[in-house]
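Remarks on the structure that follows.
The values are calculated or read from the model by the stated rules, or taken from the named source; none is laboratory data. All of these numbers come straight from a predicted model, not from anything done at the bench. Because the Cβ atoms are built from the backbone with ideal geometry, glycine has one as well, and the counts that use them run over all protein chains shown. Areas reflect the complete protein model, heavy atoms only, side chains present, ligands, DNA and RNA absent. Shrake-Rupley method; radii C 1.70, N 1.55, O 1.52, S 1.80 Å.
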Amino acid sequence: KAIQVAPTDISVLVVGESGVGKESIPRIIHSLSHRKHGKYIAVNCGAIPEGTIDSELFGHEKGAFTGATSTREGYFEVADGGTIFLDEVGELPLTTQVRLLRVLENGEFIKVGSSQVQKTNVRIVAATNVNMHDAIAKGKFREDLYYRLAEIVISIPPLRQRNGDAALMAHAFVHRFADEQKRGSMSLCEDAIRTIEAYQWPGNVRELENCIKRAVIMADNSRITREDIGLDPTSSEDVAFLDLRKVRDDAERQAVVTALGRANGNLLRTSEILGISRPTLYDLMHRLSLK
């Protein structure tokens, strides 16, 4: 989706759990858009105090509040012609949401302490780990702003639901951090890979990245072991080596047992459910040691 929407100016909302890598999507969108030569500004809305976020986003005039000793440009003024990434947009206070809605509707904003309307031409990509529909129902987020931001929604699943991704990312992180730490050529042992595959990664990509960086630094040699990974063994079960014969046997055994249960042990009916002949069923049960 990111590649498809990049050439347009449509607003994009990226949703997903904390740590899944939502911040990479806006960068991809910006780099592939006609705005790629303009500024790209990332703003963590949840990290800016409520009392100063309007000033950060829209700027302020000298004397607008205590400490405003000079006029300041806000992010929307600085990023004119480029892209703004509003991370954790669900944390914005309602007063700021009203100002943001105006920018999305007509590209206008007013600096804090000013009455002069200014124009800006920016593309907004936002991200959140908040359930926005719940936030709207509770009156914490404006529904009209949500639909302006979410013209296109890109949902990033958690790492535990992306089969194979954890191991692939782990290999890439090993190469990256080995270069950064001047450790030479490093690789993951098979037991480390199996542990990475089995772990649920509640902290998603961010947790995996930190885990591999620590392992690269602390490993005694160039082969990173399960012990170097340092995951709690109680939260990670061993994953068997990939064996297609075992995978197939397990699947066939489960299918036959399920069909036998549905047929109440009647082998003719079981073979019909499975779509195989009775002699084939006999052979299958014999091979799988099923009585």
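In summary, Arg102 fulfils each of the numbered conditions (1) among the basic types (Lys, Arg); (2) without any contact (Cβ under 8 Å) to a residue 12 or more places away in the chain; (3) open to solvent by less than 60 Å² (accessible area, probe 1.4 Å) with the single exception of condition (3). In a residue-by-residue description of the stretch 148-156, the property of being assigned to a helix (DSSP H, G or I) and open to solvent by less than 50 Å² (accessible area, probe 1.4 Å) applies to at least one position. Only one of the listed residues (Arg214, Arg226) is modelled with pLDDT of 90 or more, under 20 Å from Gly21 (Cβ atoms) and open to solvent by 40 Å² or more (accessible area, probe 1.4 Å). That residue is Arg214. What number of residues within the stretch 240-263 are without any contact (Cβ under 8 Å) to a residue 24 or more places away in the chain, touching a helix residue (DSSP H, G or I) at 6+ places or on another chain (Cβ under 9 Å) and open to solvent by 100 Å² or more (accessible area, probe 1.4 Å)? Total meeting the criteria: 1. Inside the stretch 28-50, residues that are open to solvent by less than 60 Å² (accessible area, probe 1.4 Å), under 23 Å from Val130 (Cβ atoms) and assigned to a loop (DSSP other than H, G, I, E, B) make up a count of 1. All conditions but one from (1) surrounded by fewer than 13 Cβ atoms within 10 Å (Cβ to Cβ); (2) of a type in the set (D, E, K, R); (3) modelled with pLDDT of 90 or more apply to Glu209; the one that does not is (1).
Annotation: of all residues in the stretch 174-206 being of a type in the set (Ser, Thr, Tyr) and part of a loop (DSSP other than H, G, I, E, B), the one that is most open to solvent (accessible area, probe 1.4 Å) is Ser185. A count restricted to the stretch 159-173 and to residues that are assigned to a helix (DSSP H, G or I) and under 17 Å from Gly203 (Cβ atoms) stands at 9. Here is the figure for the stretch 264-291: residues that are in a helix (DSSP H, G or I), open to solvent by 70 Å² or more (accessible area, probe 1.4 Å) and not acidic (Asp, Glu) total 7.
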